[in-house]
Amino acid sequence: MKSVSKLSKIAVVIGAMFTLTACGSGDEPEVAQSIVETPETPPAPPPPATGGGDDGSGGDDGSGGDDGSGGDDGSGGDDGSGGDDGSGGDDGSGGDDGTGGDDGSGGDDGTGGDDGSGGDDGSGGDDGSGGDDGSGGDDGSGGDDGEGGDDGTGGDDGEGGDDGEGGDDGTGGDDGSGGDDEPTQVLFEEDIAEDIVQSTPTNVNIPLGIQATLDVEYLGAFRVLAGGESNSSYAIGALGFNSTTNSLYMAGHAHHNAIAEFQIPNEFSKSEDISAIPLAGVLQEYTTILDKKTDGNSTNRITGILNYEGKLFVSSEIWYDASARNMDNLQIFDDANDLTSSAFKGMLQLSSGALGAGYMSKIPEPHVETLGGEYLVGWATNYSITSRYSQGPSMFVFNPQNAIEADVTVEANAKVVYPLESGKELVDGAADYSDDISPIWGPLSRAIYGFIIPGTDYFMAIGSHGGIHSGVGYKITQNDGNLCGGPCSYDAADYYNYFWLFDINDIAASNEPWEVKPVSYGKWSHPYDEGGFVKVLGAVYDDSNSRLYISLKEAGQVGLYDRPPLIISYALSAKD
């Protein structure tokens, strides 16, 4: 078991210094814009598993019951809920920490990232022209003996050349990093430190990478309880937003495949006492969804909810698809305000399959032409059989109107995706177990929601990550004595909620959808998440009010047996 922090292996090159104003504070902390190299590939990691075992595998939702899928606190009970510690039911499936069946899902050696190679000729800055051996700088000076080129320096603010560093604002060269066309990295050691400041309802620690790129403020929390054909305990927690009624849709108990609608309260709470946090009003009780189909095969996990012009789009997946052949993944309900009586259509087939059959969100108008569509859909290694999934947050572009008119297939064009193939993963060996897990992505990573922040060039994915400080093993005994039923971190506390930011310009300019790398990533400690032990279940962005809503797994518990999520909210928008 690795016991030392991997931060000692991370090289940080200071690129710029600037001042930021933290939301909700009058102080102006000074932070450094940095470039972080990911660790080298460890020698000969074990081959990736396909996820799951002969009889079951770990999952996110923590549901229990006849299929034996894990619960949250390891308790059994009438609904058969298992536990994150690997306890489960008849088929041995497990919980959020990846516990599961006989063979389990693969891991991640934590390596990868690119070196940000720059230009071939060592050309200099915007106005500089050069000669045989190099190019000049800001004033255009250069020539045969000028600085720059293969071994020299150049550029407006940087140094450049085949073996050097350079570019208008960064570093570069064939063997270097950065360059005129390189993405601007906004990475901070503090965001991936082993010991970060944990957020409380009244003292929220916003990651520096988010502070540097967005305006963000924590708003508070509210609770969501409803009845009907399901309930909020052990909820899947996928969220959707209704701008007409300013309300949230939420997928309920994982066994029931149902959705309810909640009126967002006018005021949120920052109370430490969960029972004092206000309840959202119920606009629609839980209604079963996945059993309502006109064609195709049944699925068993709701993965995304989208209100589009009064219709409700519901994406779904098979939680444990051993054959990895399911393509039926989209339903459309004609009346989003009356799901019980609404006409419906589907299962339709998003052409992305499991690589992108989850979260759905609107693409802001300035990026519609750039990306070639009005809405995005994506997913990641969030359920069992990880080999069928994108080894990192994916983005496919689709048009909902095409789905309304489609007979079966709905075209979804890949913009960002990381198949489990050599050279195509977000980091090398993304499905390998290792004691050296990348801070970018690993076998415990989940990306449960992705969206583009209006007024910015950023695509954000949020979810969770684990094992970057202690490593990830399979059916190991953790340092607290817990014997895992599948993959888990060696340190039982080595879990955290996480964010990833991608630059839309990098996405549009990439030759292949797996070439895009995040420009920022790190831990995002939320109030009530108990140091990352309570994971993000779902999220949705209200672009009309610039609010991000997040469901936290079972954080709304007030009694001995209830396990509902808690909804927290941030104001999140482009920097002024």
Open item on the list: Counting only protein heavy atoms and a 1.4 Å probe, tell me what percentage of the stretch 219-367's accessible area is made up of carbon and sulfur.
Closed with: 45
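State the percentage of accessible surface on the stretch 375-453 attributable to carbon and sulfur atoms; use a 1.4 Å probe and exclude ligands, DNA and RNA.
Values: 730 of 1880 Å².
Exposed carbon and sulfur together represent 39 percent of the surface.
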Task: Per-peptide average of other Cβ atoms within 10 Å, ordering 445-458, 540-553 highest first - done: 445-458, 540-553
- [ ] Taking H placed 1.01 Å from N in the peptide plane, check which residues at least 5 places from Ile385 or on another chain put their amide H under 5 Å from its amide H.
- [x] Gly52
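Give the accessible surface of the stretch 338-383 per residue, rounded to a whole number of Å², with probe radius 1.4 Å and ligands, DNA and RNA excluded. Spell out each step's value before the answer.
On the way: 1490 Å² over 46 residues.
That works out to 32 Å² for each residue.
Tally up the carbon and sulfur contribution to the accessible surface of the stretch 493-576 as a whole percent, 1.4 Å probe, everything protein left in place.
Details: 1230 of 2630 Å².
In the stretch 493-576, the share of accessible area belonging to carbon and sulfur is 47 percent.
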- [ ] Using all C-alpha to C-alpha distances in the stretch 229-375, build P(r) with 5 Å bins and read off the rounded percent in each one.
- [x] 2, 10, 17, 21, 20, 13, 9, 6, 2, 0
Open item on the list: For Gly538, what residues show an amide H to amide H distance below 5 Å, using hydrogens built from the backbone and excluding near sequence neighbours?
Closed with: Ser551
TODO: Measure off 7 Å from each Cα along the Cα-to-Cβ vector at Asp273 and Asn511, then give the distance between these two points in nanometres to one decimal.
DONE: 6.3
- [ ] May I have the pair-distance distribution P(r) for the stretch 179-279, computed from all Cα-Cα distances with 5 Å bins from 0 and rounded to whole percent?
- [x] 2, 10, 13, 15, 16, 15, 12, 9, 4, 2, 1, 0
Task: Kirkwood Rh in Å, taken over all unlike Cα pairs in the stretch 311-469 - done: 16.4
TODO: Determine, for each peptide in 280-293, 358-371, the mean count of other beta carbons within 10 angstrom over its residues, then list the peptides with the highest first.
DONE: 358-371, 280-293
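Quick check on the stretch 491-549: take the gyration tensor over C-alpha atoms, sort the square-rooted eigenvalues as a ≥ b ≥ c, and tell me if it's rounded (a/c under 1.5), prolate or oblate. Before the final figure, lay out each step's value.
Values: a/c = 3.26, a/b = 1.47, b/c = 2.22.
Oblate.
Structure shown: which of Lys270/Lys575; Lys292/Lys362; Lys362/Lys575; Lys415/Lys475; Lys270/Lys475 lie over 28 Å apart, alpha-carbon to alpha-carbon? List each step's numbers first, then the result.
Working: Lys270/Lys575 24 Å; Lys292/Lys362 25 Å; Lys362/Lys575 20 Å; Lys415/Lys475 35 Å; Lys270/Lys475 39 Å.
Listed pairs above 28 Å: Lys415/Lys475; Lys270/Lys475.
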TODO: Compute the accessible area per residue over the stretch 466-576, keeping the other protein chains in place, probe 1.4 Å, unit Å².
DONE: 31
Open item on the list: Can you compute 3J(HN,Hα) from phi for each residue in the stretch 289-306, using the Karplus curve 6.51 cos²θ - 1.76 cosθ + 1.60 with θ = phi - 60°, rounded to whole Hz and x for Gly and Pro?
Closed with: 10, 6, 7, 9, 9, 9, 6, x, 8, 7, 10, 9, 9, 6, 10, x, 9, 9
Task: Mean Cα-pair separation over length for the stretch 435-539, i.e. relative contact order, pairs under 8 Å, 6 or more apart, % - done: 26
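Could you report the stretch 215-273's accessible area per residue, 1.4 Å probe, as an integer in Å²?
33
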Open item on the list: Classify the stretch 220-279 from the C-alpha gyration tensor, please: rounded if a/c falls under 1.5, else prolate or oblate depending on whether a/b exceeds b/c.
Closed with: oblate
TODO: In whole Hz, with x marking every Gly and Pro, tabulate ³J(HN,Hα) for the stretch 564-569 from phi via Karplus 6.51 cos²θ - 1.76 cosθ + 1.60, θ = phi - 60°.
DONE: x, x, 10, 9, 10, 9
Task: Global geometry of the stretch 427-576, whether rounded, prolate or oblate, following the gyration tensor of its Cα atoms and the 1.5 cut on a/c - done: oblate
Task: Long-range amide H partners of Leu219 with built H, under 5 Å - done: Ser569, Tyr570, Ala571
Task: In order through the stretch 457-462: 3J(HN,Hα) via Karplus (6.51 cos²θ - 1.76 cosθ + 1.60), integer Hz, x for Gly, Pro - done: 10, 10, 9, 10, 10, 10
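The values are calculated or read from the model by the stated rules, or taken from the named source; none is laboratory data. Predicted, not measured: the structure shown is a model, and the values here were computed from it. Here the Cβ is made from the backbone with ideal geometry for all residues, glycine too, and neighbour counts use every protein chain on show. Ligands, DNA and RNA are excluded from the accessible area calculation, which covers all protein heavy atoms including side chains. Shrake-Rupley method; radii C 1.70, N 1.55, O 1.52, S 1.80 Å.
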